[in-house]
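S.K.: Here it is: the structure, laid out below.
No value in this document is a laboratory result; all are computed from the given coordinates. Since the model is a prediction, treat every value here as computed from it, not as a measurement. As a convention, Cβ positions derive from the backbone with ideal geometry for all residues, glycine included, and neighbour counts pool all protein chains shown.
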Amino acid sequence: MRRILLSLILCVQSASMSAASGVFYTTAFDGSRSVSLSLAEGWPADDPAFDFDVVITLSEIDRGGVVFYQDGGRHEASVRCVSPATVRLNSAEYAVDVSARPGTDWKRDLWARLCTAPAF
């Protein structure tokens, strides 16, 4: 019984994490196509200076939702939630303006998605 309960808890937790992932930033080009950045995976950061390590995917989509391009690469990033809020991509670290409006900067939207999400 205990093993069944543990399995059920892990399944519910996985479903919750999957629902929380997905598109976190979209920008339009020439009015007919857009590029979306999505969270594909995430886990606690290996580096203690950061909170999360994530994998980001990129897709180009038309107005009707047809995917023209799906980047097959694994774009790994790390996110620090506390001040100074930071996104690290490869070896470059970018300061995050946490006061910026949603949709103006992909780094701010990634930070917000991970660091301001309600706790489970």
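S.K.: Classify the stretch 77-120 as rounded, prolate or oblate, taking a ≥ b ≥ c as the square roots of the eigenvalues of its Cα gyration tensor: rounded when a/c is under 1.5, otherwise prolate if a/b is larger than b/c and oblate if not.
M.R.: It is oblate, given that a/c is not under 1.5 and a/b is not larger than b/c.
S.K.: Does the stretch 41-120 come out rounded, prolate or oblate by the C-alpha gyration tensor, with a ≥ b ≥ c the root eigenvalues, rounded set by a/c under 1.5 and, if not, prolate when a/b is larger than b/c and oblate if not?
M.R.: Prolate shape, in that a/c is at least 1.5 and a/b is the bigger ratio.
S.K.: Could you work out how far apart the two model spin labels at A49 and T27 are, taking each label as a point 7 Å from the Cα in the direction of the beta carbon, and quote it in nm?
M.R.: Between A49 and T27, the label points sit 2.6 nm apart.
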